[in-house]
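The values are calculated or read from the model by the stated rules, or taken from the named source; none is laboratory data. Quick caveat: nothing in here was measured; it's all calculated off a predicted structure. Virtual Cβ from ideal backbone geometry, glycine too; neighbours counted across all protein chains shown. Just the protein is used for accessible areas: all its heavy atoms, side chains included, with ligands, DNA and RNA removed. Shrake-Rupley method; radii C 1.70, N 1.55, O 1.52, S 1.80 Å.
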Amino acid sequence: MYYDIKYLLLEKFNIVEKLSLSEAEADGIKYRNMVTGTRIYTLLKYDGDYSISELSKELGVSRQTIHKSVHILKEDGFVKLVNSEKNRKVKIVKLTPFGIEMLEKREKIINRVEEKIEKELGKEDFLLLKKTLSKDWKI
């Protein structure tokens, strides 16, 4: 059966999210806001600080959804909100020291997830998948 690229990527994304959650729970880590919260957390890890508006645009979800997710991440100690130096009305989402500490644990979890995927695909196909997904699509 033929599936389009969006379906295939979403299907695999969901597998990675479920594996990540399972591995996190095995380490005693519980996420209350798995999908949006982990996406925000990942963006902060790789790209640095974001405003609520920027997160909304980047993730393609409403500002209300971002506000709710950031609030949960804040309650759990992963992030804090600070005023923008350029515009005091704008709130910037930043990782806390605890959030940074948890990124180190996240890294170990993701490594275990990647090991499981590599075991299923084989080393050559796994490396090819990562190489292909790392390419700049220039779109």
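Full extension of the segment from LEU10 to GLU107, taken as 0.36 nm per residue of separation minus the current Cα-Cα distance, would add 32.8 nm. Cα-based values for the chain, radius of gyration first and Dmax second, are 16.6, 53 Å.
For the range 52-115, the set of GluC sites (Glu not before Pro) satisfying both a DSSP loop assignment and a count of at most 16 other C-beta atoms within 10 Å is given as GLU85.
Per the Kirkwood formula applied to alpha carbons, the range 63-139 shows a radius of gyration over Rh ratio, Rg over Rh, of 1.15.
Here each label is just a point 7 Å from Cα along the line to Cβ, and for GLU124 and LYS45 those points are 3.0 nm apart. Using a probe of 1.4 Å on the protein chains alone, the accessible area found for LEU9 is around 80 Å². The region of the chain that goes longest without hitting one of the trypsin sites (Lys or Arg not before Pro) in a DSSP loop, each with at most 14 other Cβ atoms within 10 Å, is 33-85. The largest-to-smallest principal axis extents of the Cα set in the range 31-86 are 32, 24, 22 Å. Placing +1 on the Cβ of every Lys and Arg and -1 on the Cβ of every Asp and Glu, with nothing else charged, gives the chain a dipole about its Cα centre of roughly 620 debye.
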